[in-house]
Amino acid sequence: MGDLEKRLDEIFQAQRCGGPEIGMSEFTPFIVAGLYLDDADLEVIRPHLLPRDAVLPDVGDVGRYKRVPVFHKGSPAAIAEPPDAEHRRVGFRYCPMDHVFM
């Protein structure tokens, strides 16, 4: 996956205390809750996506990457629940954490 994998890894690695370097407005620990990709990046990642677990609700994702829902940036689901931040063309939603054990 090359460059896309590197960009996604930067987001996942920043979960301990992400900040402006990955498009967030403040430094805070967080959990990635969704990824938003454009057409080109979706084509690259599609073979690496797992299908949505049948017991989970359908949130409009195209699949899961590292158990995180992946959305097309222009989909109705992405418009209804837009990304919280963007890092190098990858939008993502996150859930801030009050504290994290490091």
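The table below lists the values:
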{"quantity": "Cut-off under 5 Å, modelled amide H: who pairs with Met24 long-range", "calculated": "Gly19"}
{"quantity": "Karplus (6.51, -1.76, 1.60) ³J(HN,Hα), θ = phi - 60°, over segment 21-32, in Hz, Gly and Pro reported as x", "calculated": "5, 10, x, 8, 7, 8, 7, 7, x, 7, 10, 5"}
{"quantity": "Ascending count of other beta-carbon atoms within 10 Å, so fewest first, for Tyr94, Tyr36", "calculated": "Tyr94, Tyr36"}
{"quantity": "Structure-based [θ]222 nm, the chain - -39500 (n - 2.57) summed over DSSP H runs of at least 4, per residue, nearest 500", "calculated": "-6000 deg cm²/dmol"}
{"quantity": "Charge dipole magnitude, Cβ of K and R +1, D and E -1 - the chain, Cα centre, debye nearest 20", "calculated": "220"}
{"quantity": "Long-range HN-HN contacts of Phe71 with modeled amide H, under 5 Å", "calculated": "Leu35, Tyr36, Leu37, Val62"}
{"quantity": "In sequence order, calculated HN-Hα J values of segment 62-72 (Karplus, 6.51, -1.76, 1.60; Hz; x Gly/Pro)", "calculated": "8, x, 10, 10, 6, 6, 9, x, 10, 10, 6"}
{"quantity": "Vicinal HN-Hα couplings computed from phi for segment 36-46 (Karplus, 6.51 cos²θ - 1.76 cosθ + 1.60; Hz; Gly/Pro x)", "calculated": "10, 10, 7, 4, 4, 5, 4, 4, 5, 8, 3"}
{"quantity": "Rounded to 10°, Cα long-axis angle of helix 3-13 versus longest principal axis of the chain", "calculated": "50"}
{"quantity": "Amide H contacts of Glu81 (H built 1.01 Å from N, under 5 Å, at least 5 apart or other chain)", "calculated": "none"}
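Read-outs throughout are calculated quantities, based only on the coordinates presented, and are distinct from any laboratory measurement. Values in this document were obtained by computation on a predicted structure and should not be read as measured data. Counting neighbours? That spans all protein chains shown, and the Cβs are built from the backbone with ideal geometry, glycine included.
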